[in-house]
C-alpha cells in the first residue's frame, strides 16, 4: 500500500538551494577608491580615498516549486 499526502501530489519540480559567502568570516577590504572622490587638481594627487569593508559571513536559501 502506497502512502502519501494528497496535498503534496500537486507540487512538481521541487528545488531547494542553499549558498554561503565568506565562510571563514575574514575581515577584508572589498573596494578602494570607487566613490568618485575628486582629485586635487593642483598637485594631481587623490585627496579623498575611500575603503569599503567586505561583507560578513552570510547564508542564503531558497525554495522553488511548480504547482
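Some points to look at:
- Flag for residue 3 being at pLDDT 85 or above and either touching a helix residue (DSSP H, G or I) at 6+ places or on another chain (Cβ under 9 Å) or assigned to a loop (DSSP other than H, G, I, E, B) (or both): no
- Test: residue 55 is modelled with pLDDT of 70 or more and in contact with a strand residue (DSSP E or B) (Cβ under 9 Å, 6 or more places away or on another chain): yes
- Qualifying residue in segment 30-44 (condition: in a strand (DSSP E or B), surrounded by 10 or more Cβ atoms within 10 Å (Cβ to Cβ) and either touching a helix residue (DSSP H, G or I) at 6+ places or on another chain (Cβ under 6 Å) or at pLDDT below 80 (or both)): yes
- Members of segment 6-29 that are modelled with pLDDT under 90 and in a strand (DSSP E or B): 12, 13, 14, 29
The values are calculated or read from the model by the stated rules, or taken from the named source; none is laboratory data. For clarity, every value in this text was computed on a predicted model and none was experimentally measured. Positions of Cβ are backbone-derived with ideal geometry, glycine not excepted, and every protein chain shown enters the neighbour counts.
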